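What follows draws every value from the coordinates through simple rules; no lab data is involved. In this text the structure is predicted, and so the values were computed from the model without any measurement. As a convention, Cβ positions derive from the backbone with ideal geometry for all residues, glycine included, and neighbour counts pool all protein chains shown.
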Amino acid sequence: MNYRNELNDMPSYDGVEKTYRIKVNANESTLGLPPLVEERVLNRLGLLAFNRYPNEEYYSLVEQIARNFSVDTSQVLLGSGSSEIIEKVFHAFGGAGHTVVYPQPSFSMYKIYAKAAEADGLPFDLDARFNLNVDEFIKTIREVNASLAVVCNPNNPTGNALTPAQVEQIAASIDCAFLLDEAYVEFYGRSAVNLVKRYPNLIVARTFSKAYGMAGTRVGYMIAQPSVTRMINKCFMPYHMNVLTLAAADVVYQMRNEFVPRIQMIIAERNRMSERLKTLPDVEVFPSEANFILIRLDAAQELKDYLETLGIGIRYFSPSAFGLKNCLRISIGTRTENDEVFSAIESFMEAGQ
């Protein structure tokens, strides 16, 4: 079989999941849709014309998003999760001889997308506390004449975030495209999407997977200047989203205020869990503005294995993952789930494992 030369060296994303009693390893929402939202979604699905391409549903959601952000519909593109949006941005600005600069550790798919786009991926190291040196980041982008710079804000898997002023400093200081991945911004509350009006190089990607609990439907969107969306749209196939996803997302977005109490609950639980974890000896807890917490301890793998025996799944990072040795990421669940996760970690630490 005559595969592409680059495919043999292509890194892959391990999406295989075990079945856990408490699943807090993938930054998903542990809750389904609010009952009223679910009822209206199901009613909407019953009215769909499955024999038609999803033009009406696509543009209905685009119009909603555009109105919410006070932008033109030509500035909005939809994708199968923000992951597809990000992939297409990498393709649009990638290619042979083009360099993409992104922080590490950050979303592991950036490296894969750069490789798939046949671009040179250049990771920029965060410091020991996972902070981004904005001045040096800008300097690196300029020195390598990058075609694309990428920042996940808040950052996954570390949880910390740049301020809107820092985001603006980057956008104002570089000439290349700047992709801001705001997958977790609802838990931070400080979006930079308004900067798109002032900086034509800025592209903001967001998702329904986290705050809206729709990871299974795969829907996201991007906002940029019309000239940018017009070019990136060329990277998408026709009708690349299905009518079920679009109709469900359209209802959810109409009813997004129903999710506010849940978002507030997750933020409160994140803060409560952070404070409780800080009471444990030999556990380093990193600040988070997302729906997860990153911790570090010497017995990270042993703790992960112990929790799995209890039916609890958390995210363990390979020792080879840059800056993440002995780190574990814990997604925020319900209060009951969080209490059980903490009690299990506490018991493990008290046993001196």
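Mind checking the dipole of segment 201-350: about its Cα centre, +1 per Lys or Arg Cβ, -1 per Asp or Glu Cβ, Debye to the nearest 20?
Details: 17 positive and 16 negative charges, 191 e Å.
My answer is approximately 920 debye.
Have a look at M241, I312, A116 and report the one farthest towards the positive end of the charge dipole of the chain, computed about the Cα centre with Cβ charges (Lys/Arg +1, Asp/Glu -1).
Comparing the listed Cα positions along the dipole, M241 ranks first.
Please name which of S82, V134, L180 has its Cα lying farthest along the dipole of segment 37-256 towards the positive end, using unit charges on Cβ (Lys, Arg +1; Asp, Glu -1) and the Cα centre as origin.
S82
Loop-only check: which trypsin sites (Lys or Arg not before Pro) in segment 74-174 are DSSP coil with at most 16 other Cβ within 10 angstrom? Don't skip to the answer; put the middle values down first.
On the way: sites: K88, K111, K115, R129, K139, R142; in loops: R129.
When the trypsin sites (Lys or Arg not before Pro) of segment 74-174 are filtered for loop state and at most 16 Cβ neighbours within 10 Å, R129 remain.
Take Y184, Y306 and order them by how many other Cβ atoms sit within 10 Å, fewest up front. Before the final figure, lay out the partial values.
On the way: Y184 25, Y306 17.
Sorted ascending by nearby Cβ count, the order is Y306, Y184.
Given the C-alpha centroids of segment 205-223 and segment 314-335, what is the distance between them in whole angstrom?
22 Å
What is the order of V185, V24, fewest Cβ neighbours within 10 Å to most? Working shown, then result.
Values: V185 23, V24 26.
Fewest-to-most ranking of V185, V24: V185, V24.
Any idea how far apart R190 and L31 come out in nm if each label point goes 7 Å out from Cα toward Cβ?
2.5 nm
Count charges around E63 for me, please; just the other residues with Cβ under 12 Å from its Cβ, Lys/Arg as +1, Asp/Glu as -1.
Values: positive: R67; negative: E56, E57, D72, D250.
Result for the neighbourhood of E63: -3.
Full-extension gain between S74 and D127, please, as 0.36 nm times their residue separation minus the C-alpha to C-alpha distance. Please report the intermediate quantities before stating the final value.
On the way: separation 53, 0.36 × 53 = 19.08 nm, distance 3.84 nm.
Additional length available on full extension: 15.2 nm.
With a ≥ b ≥ c the root eigenvalues of the C-alpha gyration tensor of segment 1-98, is it rounded (a/c under 1.5), prolate (a/b larger than b/c) or oblate? Don't skip to the end; give the middle numbers.
Values: a/c = 1.97, a/b = 1.27, b/c = 1.55.
Oblate shape, in that a/c is at least 1.5 and b/c is the bigger or equal ratio.
Say the cut-off is 25 Å between C-alpha atoms; which of K197/K234; K111/K278; K111/K197 go over it?
Numbers: K197/K234 22 Å; K111/K278 32 Å; K111/K197 29 Å.
Violating the 25 Å Cα-Cα cut-off are K111/K278; K111/K197.
Nearest-5 percent of antiparallel DSSP beta bridges in the chain? Please list the in-between numbers first.
Working: 17 of 36 bridges.
Restricted to the chain, the bridges split so that about 45 percent are antiparallel.
Identify, among A96, M273, S347, the residue whose Cα sits farthest towards the positive end of the charge dipole of the chain, taking +1 on the Cβ of Lys and Arg and -1 on the Cβ of Asp and Glu, with the dipole about the Cα centre.
So the residue we want is A96.
Sorted by packing (mean other beta-carbon atoms within 10 Å per residue), highest first, where do 172-178, 2-8, 320-326 land? Don't jump to the answer; show the numbers that get you there.
Working: 172-178: 17.9, 2-8: 7.6, 320-326: 14.7.
The most tightly packed comes first, giving 172-178, 320-326, 2-8.
Rounded to the nearest 20 debye, what is the charge dipole size of segment 275-353 about its Cα centre when +1 sits on each Lys and Arg Cβ and -1 on each Asp and Glu Cβ?
Numbers: 8 positive and 13 negative charges, 61 e Å.
It comes to approximately 300 debye.
Using a simple spin-label model with points 7 Å from Cα along the Cα→Cβ vector, what separation in nm is obtained for N233 and S347?
5.6 nm
Work out the length of the dipole vector of the chain about its Cα centre, built from +1 on the beta-carbon of each Lys and Arg and -1 on the beta-carbon of each Asp and Glu, and round it to the nearest 20 debye. Intermediate results must be reported in sequence, preceding the final value.
On the way: 34 positive and 41 negative charges, 142 e Å.
Rounded to the nearest 20 debye, it is 680 debye.
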